[in-house]
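The values are calculated or read from the model by the stated rules, or taken from the named source; none is laboratory data. Note that this is a predicted model, so its numbers are computed, not measured. Glycine also receives a Cβ, built like all others from the backbone with ideal geometry; neighbour counts cover every protein chain displayed.
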Amino acid sequence: MKEIENIELTFLKVSDYPELKEAMIEAYAGMPNEYWEEEHIKSLVTRFPEGQVVIKVNNQLAGCALSIIVDYYKFGNQHTYKEITGGYSFNTHTSNGDILYGIDVFIKPEFRGLRLGRRLYDYRKELCERLNLKGIAFGGRIPNYHNYADQISPKEYIDKVKRTEIDDPVFNFHISNDFYPSKVLKNYLEGDSESNDYAVLLKWDNIFYERLNKKALTTKRVVRLGLIQWQMRPYNDLDGLMQQVEYFVESVSRYRADFALFPEFFNAPLMAENNHLSEPEAIRELAKHTAAIVRKFSELAISYNINIISGSMPEMENDRLYNVGYLCKRDGTVESYEKLHITPDEAQLWGMEGGSSMKVFDTDCGKIGILICYDVEFPELSRLLADDGMDILFVPFLTDTQNGFSRVRHCAQARAIENECYVAIAGSVGNLPKVHNMDIQFAQSIVFTPCDFAFPSNGVKAEATPNTEMILIADVDLDLLRELNQFGSVRNLKDRRKDLYDLKRKKFGQ
């Protein structure tokens, strides 16, 4: 082959037909007389010009990809090539369809090995995303199957190809380009004796697809987080504490943050007035402020147009003490979350009990999870949330020493990697010499990311100065998580061996 001077991907024109026909005859040497007539090409170019592209090397046609858009539900997974193309008329194409269907793709033999096929498939994927289609589908030939048809079934053949026990360059090419087998199709393509009349229905899902909605789309894809690294200091009363809370809410809202995250037990300074009581009595007195604090948080969320995660507070329910927080959304709704795993100190000194409910919260910035401090050290919890679609995990925490903080930090970072999500942690700093069991605090608020090429190499998006009162602002891109899930260097969620193990919820008390 001559030295390559230029490679160009361009739209197919009807005037390209003579060269196209020659290329098809060479590409399908094993299927004599299998090529499109000029009327077919003219129909495709007229109906859907964007779907018909060619690659030219040194201005010579080297390959081609032909596509249409179909209403896939009309055909389903059990269809033939003739049916999906409307008897080769392509009248099944509709601009209102939901699937980009591959009609043909080929590379001339002399140009194979240059990864030109990948360029054609990359174009199809970009087109699918640009047109907001659900995905790509087509019937993939298995041209080596005729050599094994009298020994194994098509399914066994595919399994052996996937395990590299059998080489099928066509099927392997599709798999290496992120397509997955969905179904074996019988009598898909007339005259395909090399595939023994079988084909594999191959699909690629558009992770950026958004269902069209008559309502305005409000879900954000780039989300701004505001973390409050809270200073423990004395307050005269609840009003004084809430003034400081509003100061921080206003501060992060000025940066147009979508979330404000407060630490665990940020309201502990109010226990100072009850320091003469026993520790169990003092924490129960503090719990009497919780309802008023939640009401104020909800008002602030609405007035400052921000979703507030209230950290956590003690709360009494049926004479039992729990560690509870609230998600106060900017639309006025309020939802609660509970600490499930209570630390030995919380249990022994306060008589606190673990909650029983956990869920993913739907917000205008995607699905989020919230785990309070110690809970993040139990990987099962965040994995369950990830299975429910969590994009961001928020962790309000309270630690007194650096080793306690290190447990929270390292476990939180692990959760970001293994669950392919963002994790934001926020804690308190300073000291409360007049509050029992709250003497000192150690914290550094951080936003963690997965570790892959689209993210910081160390998995840290942003971090606050340790033990200093401040706010931390960071943007996180939810679409990068979709790309990671499909195309990451490793895929922690997809690659789980569910044939060996599984994780299930139990009803409380089982």
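A few notes on this one:
Let's see how each residue does on (1) assigned to a loop (DSSP other than H, G, I, E, B); (2) free of Cβ contacts under 8 Å to residues at least 24 places away in the same chain; (3) touching a strand residue (DSSP E or B) at 6+ places or on another chain (Cβ under 9 Å):
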| site | (1), (2), (3) |
| --- | --- |
| Glu281 | no, yes, no |
| Tyr322 | no, no, yes |
| Tyr326 | no, no, yes |
| Glu335 | no, no, yes |
| Ile342 | yes, no, yes |
| Leu349 | no, no, no |
| Thr363 | no, no, yes |
| Lys367 | no, no, yes |
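- Candidates are the residues of segment 166-183 that are hydrophobic (A, V, I, L, M, F, W, C) and under 23 Å from Lys125 (Cα atoms); the one that is modelled with the highest pLDDT is Phe179.
- Test: residue in segment 403-412 that is in contact (Cβ under 8 Å) with a residue 40 or more places away in the chain, at negative phi and aliphatic (A, V, I, L, M): no
- Residues in segment 489-506 that are loosely packed, with under 10 Cβ neighbours inside 10 Å and more than 19 Å from the chain's Cα centre (by Cα) were compared, and the one that is nearest to Leu384 (Cα to Cα) is Lys504.
- Qualifying residues in segment 447-483 (those that are touching a Phe, Trp or Tyr at 6+ places or on another chain (Cβ under 8 Å) and among the aliphatic types (A, V, I, L, M)) - the one farthest from Tyr180 (Cα to Cα): Ile471
So that you can scan it fast, the table gives a plain yes or no per residue for (1) in contact with a strand residue (DSSP E or B) (Cβ under 9 Å, 6 or more places away or on another chain); (2) in a loop (DSSP other than H, G, I, E, B); (3) surrounded by 13 or more Cβ atoms within 10 Å (Cβ to Cβ); (4) assigned by TED's automatic domain parsing to the domain that holds Lys125:
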{"site": "Val200", "(1), (2), (3), (4)": "yes, no, yes, yes"}
{"site": "Arg211", "(1), (2), (3), (4)": "no, yes, no, no"}
{"site": "Gly226", "(1), (2), (3), (4)": "yes, no, yes, no"}
{"site": "Gly240", "(1), (2), (3), (4)": "no, no, yes, no"}
{"site": "Tyr247", "(1), (2), (3), (4)": "no, no, no, no"}
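- Failed item in (1) β-branched (Val, Ile, Thr); (2) crowded, with 18+ Cβ neighbours inside 10 Å; (3) farther than 19 Å from Glu190 by Cα, with Thr46 passing the rest: (2)
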